[in-house]
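Before any comments, here is the structure.
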Amino acid sequence: MIKISNWTRRYLAGDGFTLIELLIALLITAVLAAAAFQFYITMQQQVVTQQDISDMQQVSRSCLQEIGKAVRMAGYMAHTLPPGTLAYEISGDSLTVNMGCDDPTCPGLVHYVRFFLQEYDGDDYAKVPFRPDGMLIYKLMKETDASIGPEVYADLITSITYTPIGTSELAITLEVQTAKGDESFETNNGFRTFVNTERVTMRNVSL
């Protein structure tokens, strides 16, 4: 036997629903819709946050790989370098890697790759709203002897340090931050940071 609810019987009988019943139904629907919308907003925010974190980590890995590639070549063809030329030079947040020339027609020519930080200007800072007071953000710049001038390799860099280990190894530590704050992250006005370190062995620098 098919059971019919009281509301269904009343509807089939032509009694319809009372105003209070309709209001209760609308209230329940509104509560369920609000809960579903809040769940959607939360999930969307988590997706955006995870994407920002992934982008931040990718920037860190890309920068370290690029710098590491240059560092491994430090001192290449050192016998062709002018006397007194170092395989690499560190000055604050600046790193210059020097290499010789393997073409006999260019003795004494120094090929170099230089990485350094350049602080954001006013327009750049305007694209990072709600950053904490005093938070400094930099671009990682790359310059070579073949380039016209420095070029931006990456942005949203917080700091970079170069630490020599022994005579043929260099530790590079890079800190990157997200492009915008995350309301669920209470520290640093919601701006997450990621620190990554890579140790690079210089192939052409003797132990």
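The values are calculated or read from the model by the stated rules, or taken from the named source; none is laboratory data. The model shown is predicted, which means the values in this text are computed figures rather than measured ones. Neighbour counts run over all protein chains shown; Cβ positions are idealised from the backbone, glycine included.
Assorted remarks:
- Those residues of the range 171-193 which are in a strand (DSSP E or B) and either of a type in the set (D, E, K, R) or surrounded by 17 or more Cβ atoms within 10 Å (Cβ to Cβ) (or both), in sequence order: I172, L174, E175, V176, Q177
- Which listed residue, of I165, I148, is of a type in the set (A, V, I, L, M) and under 23 Å from F194 (Cα atoms): I165
- Residue satisfying all of: in the range 87-126; among the aliphatic types (A, V, I, L, M) and in a strand (DSSP E or B); modelled with the lowest pLDDT among these: M99
- Residues in the range 151-168 that are out of contact with any Lys or Arg (no Cβ under 6 Å at 6 or more places or on another chain), part of a strand (DSSP E or B) and either farther than 19 Å from D133 by Cα or among the acidic types (D, E) (or both): 7 in all.
- All conditions but one from (1) part of a loop (DSSP other than H, G, I, E, B); (2) modelled with pLDDT of 95 or more apply to G134; the one that does not is (2).
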